[in-house]
Amino acid sequence: MKIGIVIGSIREGRKGERVGRWVERISRDHGVDVEVLDLKTFDLPLLTAPMPPAAAGGRYDSPEAQLWSRAVAACDGFVFVTPEYNHGVPGVFKNAVDTLAPEWAEKVVGFVSYGTDGGVRAVEQWRQIVANLRMYDVRAQVAMSIFTEFGDDGSFTPLERREAEVRTLLDQVTALTARVR
Ligand SMILES: Cc1cc2nc3c(=O)[nH]c(=O)nc-3n(C[C@H](O)[C@H](O)[C@H](O)COP(=O)(O)O)c2cc1C
């Protein structure tokens, strides 16, 4: 079972990469086979294809989308590492999710978020979005404050309880993934 950790921001100086790598470290320590899917490296174009991904039969116009398709298809479940932009999901992450369809279907997802209020509004939106892709979201969630857990100098000092929260999230993602499979 392979779990994809999707890093959902691409800004210069983003916090997402630190968070994603932290989740990766805990996952490996927890015995979970993970792969980091960093949107910055996939460099996906905006979705302009005439055919909706759900009807594209797995064929996509751009080489970037084809590579993204293969990477997502190779995962059995996901942890979405998401910031909150304007009280919602980041556009770049939504575009990446919209670019595919069958690759997400009947797979499990858990959320690690961060923001002024933990990014919880973005995650509530994600839960609606992934339902349409026939994904299964787990209840456990890690929601971190950019005021107290991140520094202006780029530092990241998650609260002590966060590691246990990530482990609980991983347990829920892997247990549900096993049942779905
Ligand atoms: C376009 C934009 C909109 C933002 N809107 C919110 C917001 O609505 N709520 C929030 O908690 N933080 C918001 N922020 C602040 C982000 O939480 C903060 O910049 C965080 O570092 C973004 O994640 P990233 O560094 O991985 O891109 C916003 C940031 C940007 C760039």
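Summary of computed values
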quantity	calculated
GluC sites (Glu not before Pro) within the range 1-67, DSSP loop, no more than 13 other Cβ atoms inside 10 Å	GLU12
The range 116-178-the range 22-81 distance, computed between alpha-carbon centres (Å)	18
Eligible lysines near LYS107 by straight Cα distance, threshold 20 Å, same-chain separation 8 or greater	LYS2, LYS94
Cleavage-rule hits (trypsin sites (Lys or Arg not before Pro)) in the range 60-152: DSSP loop, at most 12 neighbouring Cβ within 10 angstrom	ARG134
Dipole magnitude of the range 2-180 about its Cα centre (Cβ charges: Lys, Arg +1; Asp, Glu -1), debye to nearest 20	300
Normalised convex hull volume, the chain, alpha-carbon set, Å³ per residue	107
Built amide H within the under 5 Å cut-off of VAL109, gap 5+	PHE78, TYR136, ASP137, VAL138
5 angstrom amide H check on ASP38, placed H, neighbours 5+ away	ILE7
The chain: angle of helix 63-73 to the longest principal axis, Cα-based, in degrees nearest 10	70
Bridge type composition, the range 33-181 - antiparallel percent by DSSP, nearest 5	10
Karplus-derived 3J(HN,Hα), 6.51/-1.76/1.60, for each residue of the range 82-97, Hz, glycine and proline x	10, x, 10, 10, 6, 6, x, 6, x, x, 5, 6, 4, 4, 5, 5
D_trans [Stokes-Einstein, Kirkwood Rh over alpha-carbon pairs] for the range 55-114, 4 °C, 1.567 mPa s, µm² s⁻¹	103
In the range 97-181, chymotrypsin sites (Phe, Trp or Tyr not before Pro) in a DSSP loop with at most 11 other beta-carbon atoms within 10 Å	PHE147
Theoretical ellipticity at 222 nm over the chain - DSSP helices of four or more residues, -39500 (n - 2.57) apiece, nearest 500	-11500 deg cm²/dmol
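Coordinate-derived values only; no laboratory data. Predicted, not measured: the structure shown is a model, and the values here were computed from it. For neighbour counting, all protein chains shown are included, and Cβ atoms are generated from backbone atoms with ideal geometry for every residue, glycine included.
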